[in-house]
1. State the number of residues belonging to region 20-38 that are surrounded by 14 or more Cβ atoms within 10 Å (Cβ to Cβ) and either modelled with pLDDT under 95 or in a loop (DSSP other than H, G, I, E, B) (or both).
2. Across region 171-199, what is the total count of residues that are modelled with pLDDT under 95, in a loop (DSSP other than H, G, I, E, B) and within 23 Å of the chain's Cα centre (by Cα)?
3. Which condition does residue 121 not pass, out of (1) more than 30 Å from residue 333 (Cα to Cα); (2) surrounded by fewer than 20 Cβ atoms within 10 Å (Cβ to Cβ); (3) out of contact with any strand residue (DSSP E or B) (no Cβ under 8 Å at 6 or more places or on another chain), if it passes all the others?
4. Need a quick list: strands (runs of 3 or more DSSP E) entirely within region 68-141 having at least 3 residues that are in contact (Cβ under 8 Å) with a residue 60 or more places away in the chain and over 30 Å from residue 339 (Cα atoms).
5. Out of (1) closer than 18 Å to residue 270 by Cα; (2) crowded, with 20+ Cβ neighbours inside 10 Å; (3) more than 18 Å from the chain's Cα centre (by Cα), what's the single condition that is false for residue 130?
6. Check 132, 86, 181 and return the single one that is within 16 Å of the ligand (Cβ to nearest atom) and in contact with a strand residue (DSSP E or B) (Cβ under 9 Å, 6 or more places away or on another chain).
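The values are calculated or read from the model by the stated rules, or taken from the named source; none is laboratory data. Owing to the predicted nature of the structure, the values given are computational and were not obtained by experimental measurement. All Cβ positions, glycine included, derive from the backbone under ideal geometry; neighbour counts span all protein chains shown.
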Ligand SMILES: [Zn+2]
């Protein structure tokens, strides 16, 4: 008899399993006197979501239900859309240039909006099931907030202290901006110069392979568009959530995939916030990771490049295929799973393998009525 059976799955207590009976216990004191909980999730809409992304989104809504019911407070979800992330790259004279998902065309709409359709379908369905409303916030909107721009200036002024924390190996700011004509950015800042004009504004100069020198100015008052890498984005978003929670009487919780748990939130995110003078850090939860047979995070780009998951059903890799393979009952089954995780810390604070998902999605009783 195979050892891979659902009645043979164990849940070790682990660290957090010893501490909390319910995930809501972590937030019980924090919601006192507050009006709502905002659950934040960010992703780059650069492909159809795969199983890992779908499960993170499901966890978000399931955690929302759990918190609303146990803490008796309204909950909403905010999707921070990473439309600034890389959609296309080219190398000219050895220098890497990139174009954002927002600036790459796919059949008359941007690549970001093309794949957002698939994300929105999932959000809409889960929002209906859980009665948790959601909204989408664009990166463009976030970078335009005066507080975010002010925080970026503060980060640049304190570069000597912040750079070793957020860029320990390369030791540089990953800050870029597109050429106004062709929209390509100097990805690694090869030609970039950063210069403070005065205490409250900084000028960035760069060079396009085709259109020559171009520049922007960043101050709290203006709107010149800048783009940043994940470490800076995560830091600015965290700072923004701390600030707006204070002003709006909300409690924000950032929910990310488990690959960002551990050292990142401690030694990168929190240390940088302390260095900037913040006295609190954002609430963060990390969804369980979905791992392949070797224990590596399930990665769609690996699948595309090397056919590493050719033994798995296509629906697990590409969510646009999921319902063909598993029907709407498969989606229901994932939702049941996410809710079980949200309601039991020993199921939430651990990871799951693709084999486990194969098992739960292929239970015969799921599909008998089809
Ligand atoms: Zn150009």
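1. Final tally of qualifying residues: 6.
2. Summing the residues that are modelled with pLDDT under 95, in a loop (DSSP other than H, G, I, E, B) and within 23 Å of the chain's Cα centre (by Cα) in region 171-199 gives 5.
3. (1)
4. So the answer is 86-92, 95-100.
5. Going through the list (1) closer than 18 Å to residue 270 by Cα; (2) crowded, with 20+ Cβ neighbours inside 10 Å; (3) more than 18 Å from the chain's Cα centre (by Cα), residue 130 breaks only (1).
6. Unique residue meeting the criteria: 181.
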